[in-house]
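Every read-out reported here was derived from the displayed coordinates using simple, explicitly stated rules and does not represent laboratory data. Remember, it's a predicted structure, so these values are computed and weren't measured experimentally. Neighbour counts are summed over all protein chains in view; Cβ atoms, including those assigned to glycine, are modelled from backbone coordinates with ideal geometry.
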Amino acid sequence: MLNFRVVATGLVAGCAGLTLAGVAFGSDASQPVDSTPATATSPFATLLAQRGLAAAEGYPGLHSLCSLEAPLIDAGKRHRLSDDASDKPRPKPKSSAGKRKPLGPHRVFDNLYFVGNGQVSSWALTTSEGIVLIDAMNTPNQAETIIAPGMRELGLDPADITHLLITHGHGDHYGGQSWIVEQYAPEVIMTRIDWDMLDDPEQRIDNPRWGEPPERDHQVIDDEMLTLGDTTLGMYITPGHTPGTLSLVFPVKDGDEVHHAVLWGGTGFNFGPDEARLRGYSASASRMHQIAQEAGVDVFLSNHPKRDGTPGRIAALETRKAGDAHPFVTGDQALGALDLLSDCTLAQAERLRAAR
């Protein structure tokens, strides 16, 4: 039986004038538009989307990225056009009848702890010289009432947070930083590109339900390593979701076994139907696949629990028996998640190209 990815790659390579290594397929530079074509008209786009889905069957939370019919919405424009957003009433909470137990804090690996909620992740990576907190949720209140108590419940001391790493400049990831900085004074890490984005009202996404953005602190550069005692964390700038999204590679421990995780720093297409940006996103994911493969990555993580299946995998952890495989360790599927991100983003770009 022929391997689908090999066959698809051959078809891609055979398309005149197309290159997967770069960020552009043609000489005609694309520009963002205000509307998205309803359906794909490009067989090549369909092929790429199918290939992406096949690569990451174990991560259904990513599959919506491969839909060639879903609208691509510019969240920034939506917020900028809604000048009265802060005056709009909050939606009423939905009934909790029949819903699963809310996602609470959990030790996922011996040195990695989930301290977010069902909507947005916050991860605590422990080292011999302190804790790296990855993302700070939406608001100071969430930092105070979810992150810090969750860490204490798991036996961690929030005062040991030495670094707060923010994956990208959207408030659902930086919004709680002011409380954490005030309480524990960690070094705050984000890319200069995304700090610049937050200073630019034309790029920034404002939401009255988010906390304040961080003040400039450590401006990470691409391929920078953060070493704390026994742990080295690799930081890579992966433009796409935002211009300066930061993705990570770091070791995780399960008893005597050491695995390596990739945390993709920003997933959705909230920037609208921007073909050039989609191609850049695809190139970032493709590059990250190579980095992750060289690092021996077999764990894929996200900063939104539904994207990487955290709720189901944590549930499996709770019933795990001695000798059972770790539910977050997915082998080649972890790299397949990056293949999906690359292929399906490229499919979206081809969809827009075909509609021009």
Would you work out the charge dipole size for the range 222-356 about its Cα centre, treating the Cβ of every Lys and Arg as +1 and the Cβ of every Asp and Glu as -1, and quote it to the nearest 20 debye? 640
Under 5 Å between amide hydrogens, which residues at least 5 positions from H170 or on another chain qualify, with H placed 1.01 Å from N in the peptide plane? none
Interchain or long-range residues, amide H under 5 Å from I161's placed H: I131
For the range 138-232, just list the percent of Cα-Cα distances falling in each 10 Å bin from zero outward, please. 15, 45, 32, 7, 0
Once phi for every residue in the range 258-268 is put through the Karplus expression 6.51 cos²θ - 1.76 cosθ + 1.60 (θ = phi - 60°), the whole-Hz ³J(HN,Hα) values, with Gly and Pro written as x, are 10, 10, 10, 10, 10, 10, 6, x, x, 10, x
Here the alpha-carbon Rg of the range 279-322 over 2.2 N^0.38 Å rounds to 1.52
Under Karplus coefficients 6.51, -1.76 and 1.60, residue-wise ³J(HN,Hα) of the range 49-61 in Hz, glycine/proline x: 5, 5, 5, x, 4, 5, 6, 9, 4, x, 10, x, x
What relative contact order, as a whole-number percentage, does the range 115-203 give when Cα pairs under 8 Å and 6 or more residues apart are counted? 29
Cα-based equivalent ellipsoid of the range 228-348: semi-axis lengths in Å, sorted from largest, via gyration tensor: 27, 16, 12
With a sphere of radius 12 Å drawn around the Cβ of G280, what net charge do the other residues whose Cβ falls strictly inside it have (Lys, Arg +1; Asp, Glu -1)? +1
Placed amide H near E224: partners under 5 Å, 5+ positions off or other chain: M235
